[in-house]
Amino acid sequence: MKTPIVILLLAYFCKGQQLSFDSNFRFGVATASYQVEGAWNIDGKGESIWDHLTHTQSSYIVDGSNGDIACDAYHKTAEDVQRLVDLGVDFYRFSISWPRIFPSGHRNYINQAGIDYYNGLIDELLAHNITPMVTMYHWDLPQSLQEIGGWPNPLLVNYFVDYADVLFSSFGDRVKEWITFNEPVQVCSDAYSTGGLAPAYTQDGIGGYLCSYTLLMAHARTYELYNNNYRDTQNGRVGITLSASWGYPASNSDEDVEAAENFLQFKVGWFAHPIFSSTGDFPTVMKERIAQLSQEEGFPRSRLPSFTDEEVALLKGSSDFFGLNHYTTNECSVLPEEDAIRPSQQADHGALCVQPPGTEVGGSDWLYVVPEGIRNLLNWIRTEYDNPEVMITENGFSDRDGDLNDCRRINYFNEYLQNVLEAIEDGCNVTTYTAWSFMDNFEWMKGYSEKFGLYYVDFNDDDRPRTPKMSAYVFKNIIQTRVIDTTYTPDGFEVCAAE
Ligand code: GBH
């Protein structure tokens, strides 16, 4: 009687070791317009905040570079789509440059050459059976709209909806997967509170919160527009992509546990709670803490704007999927009072989150390799928001050398994907995985110094040749076989040393 049980357990255990991706699980790769397109002033494109920042204040970019040419993807549609075919991806996630469609930032004039460019890309993808997944806003705001305040100005709700309307009507017959915004936390905090992204403003504790009101309403009004005018005929899906690191407490103390939870609520819940929770609105802890600290600081009202009941209702449920960008994990403890800058978003959440001890760091100083972090985060999303469909819209690893034998990146993908499989076993509804990035590109303030690509790009060559790294073949093998084989070595590459 004992043996069969042992065998059963063994069989179960072995199955656990060999989890595989369902045949309908989808794989893709991602880029963003400013990071790859180049052609910054070609065919009538208007100026974006990234054109403006890199041209007028290049010292913000570590290597003084810009995206004027970048990967020159604007001129390489056919060959790049062939590379996507070679990879075997199901979809390609790319973004549309708002100033390429509306050079003035407004709907008064639509740039036909911009429409033509994206039509060409979409049609080429579809001709090769690759699904286009389109991000409407991946950080390249028309400079004209920045000059009237950018995202902290609530008028941008209407301007964004004007833009989204033209995208739906121009491309929605063929594009069925839309992401309104990439990473609202970065769009708002980094751009308007801490200055880490264009336009690099530093109104900490104020600018980012004003931006979040505008961005959330622009998202919700766009979702409403699709429901009212397009969903019946176009039958697509509209969602949003949030960035989320995992954060866990440094100790079992109540303070550290609370700090880690606050970190998640202020970084993920900030945009997830209004859209994906059953109650809606910003997380209660955010509303309470910011109101309290604002009062202590002498502000006449909370620095966090509030929604009307009608706005709360419009936001609730306004996404057909939870788009998730995940890279890293932090260890959190309570922020010592004396270290808190007031006002600031960090003081508001009260958490000090740092590199988990003993972890490997990628080519970006914030990228700590903690593979189980993605599993923990996916389970947190599952319980917090009633198990929404999660599409992982970015996950990836940077280095600085661009080595074609990129074993550290391969190891990262293998281990993170294994944890995605385990999260699915846990019951998380993850349907989609996207590697960041298709190719090395302009890494914002880090210029070309940090490389995330499956393809190496030679930025010193006018022709911007692309060469597949070992990770491109490993990713292709995972897509084909649906399993993670840590011993797989593609032809022509050296075996990666064991960990
Ligand atoms: C994504 O952002 C972007 O969508 C993509 O465009 C970008 O190329 C890619 O990832 C790689 O960076 O305060 O120093 O701890 C990633 C967003 C950026 C969020 C770094 C966490 C930590 C900054 N992440 N950030 S730090």
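The values are calculated or read from the model by the stated rules, or taken from the named source; none is laboratory data. From a predicted model like this one, the values you see are computed outputs, not experimental measurements. No Cβ is skipped: glycine too gets one built from the backbone with ideal geometry, and neighbour counts run over all protein chains shown. With ligands, DNA and RNA removed, areas are computed over all heavy atoms of the protein, side chains included. Shrake-Rupley method; radii C 1.70, N 1.55, O 1.52, S 1.80 Å.
Shown is the FRET efficiency for Asp116 and Asp458, computed with R0 = 35 Å from the Cβ-Cβ distance and rounded to the nearest 0.05: 0.80. Distance between the modelled labels on Val354 and Gln82, one decimal in nanometres: 5.1 nm (7 Å Cα→Cβ projection).
For segment 454-499, with all protein chains present and a 1.4 Å probe, just round the carbon and sulfur fraction of the accessible area to a whole percent.
On the way: 1160 of 2650 Å².
Here it works out to 44 percent.
With contributions of -39500 (n - 2.57) from each DSSP H run of at least four residues, the per-residue ellipticity at 222 nm computed over the chain stands at -11500 deg cm²/dmol. For the chain, a Kirkwood hydrodynamic radius built from all Cα pairs, placed in the Stokes-Einstein relation at 10 °C and 1.306 mPa s, yields a translational diffusion coefficient of 68 µm²/s.
Counting only DSSP beta bridges with both residues in the chain, tell me the antiparallel percent, nearest 5. If you can, show how the numbers build up before the last one.
Numbers: 10 of 47 bridges.
Close to 20 percent.
If you sort the three axes of the alpha carbon gyration tensor as a ≥ b ≥ c, you get a/c of 1.5 or more for segment 286-339 and a/b no higher than b/c, which makes it oblate. Carbon-plus-sulfur accessible fraction, segment 356-406 (probe radius 1.4 Å, protein heavy atoms only): 43%.
Based on Cβ point charges of +1 for Lys and Arg and -1 for Asp and Glu, what charge dipole magnitude is obtained for segment 100-259 about its Cα centre, in debye rounded to the nearest 20? Walk me through the numbers on the way to the answer.
On the way: 7 positive and 18 negative charges, 122 e Å.
The calculated dipole for segment 100-259 is roughly 580 debye.
Quick one: go through segment 382-424 and flag any residue whose amide nitrogen is under 18 Å from the point 7 Å out along the Cα-to-Cβ line of Thr481. Label zone hits: 406-422. Could you give the nm distance between label points at Val495 and Ala200, where each point is 7 Å from its Cα heading toward the beta carbon? It works out to 4.8 nm between the two label points. Compute the FRET efficiency between His128 and Ile148 as 1/(1 + (r/R0)^6), taking r as their Cβ-Cβ distance and R0 = 41 Å, and round to the nearest 0.05. Calculated transfer efficiency: 0.50.
How much accessible area per residue does segment 406-457 have, counting only protein heavy atoms and a probe of 1.4 Å, in square angstrom?
Working: 1150 Å² over 52 residues.
Roughly 22 Å² per residue, with all protein chains present.
Within the assembled protein chains, the solvent-accessible surface assigned to Tyr248 is about 70 Å², based on a 1.4 Å probe.
For a straight C-alpha distance cut-off of 18 angstrom, the lysines reachable from Lys45 (same-chain residues fewer than eight places away being disregarded) are Lys76.
Would you tally the net charge around Val81, using a Cβ to Cβ cut-off of less than 12 Å, leaving Val81 out, and scoring K and R as +1, D and E as -1?
Details: positive: Lys76, Arg83; negative: Glu79, Asp80, Asp86, Asp123, Glu124.
Spelling it out: positives minus negatives among the neighbours equals -3.
Mind checking which of Gln292, Asn66, Ile275 is farthest towards the positive end of the chain's charge dipole, using Cβ charges of +1 (Lys, Arg) and -1 (Asp, Glu) about the Cα centre? Towards the positive end, the residue furthest out is Ile275. Computing the accessible area with a 1.4 Å probe over protein heavy atoms, can you report the carbon and sulfur percentage for segment 216-328? On segment 216-328, the fraction of accessible area on carbon and sulfur atoms equals 45 percent. Which of rounded, prolate, oblate describes segment 181-250, given a ≥ b ≥ c as roots of the alpha-carbon gyration tensor eigenvalues and a/c under 1.5 marking rounded, otherwise prolate only if a/b is larger than b/c? Cα axes put segment 181-250 in the prolate bin. Multiplying the residue separation of Ser306 and Asn405 by 0.36 nm and subtracting their alpha-carbon distance yields 30.6 nm. For Asp401, the solvent-accessible surface with a 1.4 Å probe is about 110 Å², rounded to the nearest 10.
Using DSSP loop states and a limit of at most 13 other Cβ atoms within 10 Å to flag trypsin sites (Lys or Arg not before Pro), what is the longest stretch of the chain containing no flagged site? The partial results should precede the final answer.
On the way: sites that count: Arg301, Arg400.
The longest uninterrupted stretch comes out as 1-300.
In segment 322-432, the DSSP beta bridges split such that about 45 percent are antiparallel, to the nearest 5.
Find the accessible area per residue for segment 273-384; the probe is 1.4 Å, ligands and nucleic acids are left out, and the unit is Å². Write out the running numbers ahead of the final one.
On the way: 4910 Å² over 112 residues.
Per residue, segment 273-384 has 44 Å² of solvent-accessible surface.
Model label sites at Asn387 and Asn429, defined 7 Å from Cα along the beta-carbon direction, differ in position by 0.8 nm. Placing +1 on the Cβ of every Lys and Arg and -1 on the Cβ of every Asp and Glu, with nothing else charged, gives the chain a dipole about its Cα centre of roughly 1000 debye.
If I take every Cα pair under 8 Å that is 6 or more residues apart in the chain, average their sequence separation and divide by the length, what percent do I get for the relative contact order? Walk me through the numbers on the way to the answer.
Working: 999 pairs, mean separation 80.2, N = 499.
Dividing the mean separation by the residue count of the chain yields 16 percent.
Based on the Cβ-Cβ distance of Gln292 and Thr467, what FRET efficiency does E = 1/(1 + (r/R0)^6) give at R0 = 41 Å, to the nearest 0.05? Before the final figure, lay out each step's value.
On the way: r = 54 Å, r/R0 = 1.32.
With a Förster radius of 41 Å, E is 0.15.
On a per residue basis, segment 111-183 carries 29 Å² of accessible surface, using protein heavy atoms and a 1.4 Å probe.
Taken over segment 360-499, the ratio of Cα radius of gyration to 2.2 N^0.38 Å equals 1.09.
What is the extension gain from Glu337 to Glu255, computed as 0.36 nm multiplied by their sequence separation minus the C-alpha to C-alpha distance, in nm to one decimal? Don't skip to the end; give the middle numbers.
Working: separation 82, 0.36 × 82 = 29.52 nm, distance 1.26 nm.
Length difference between fully extended and current span is 28.3 nm.
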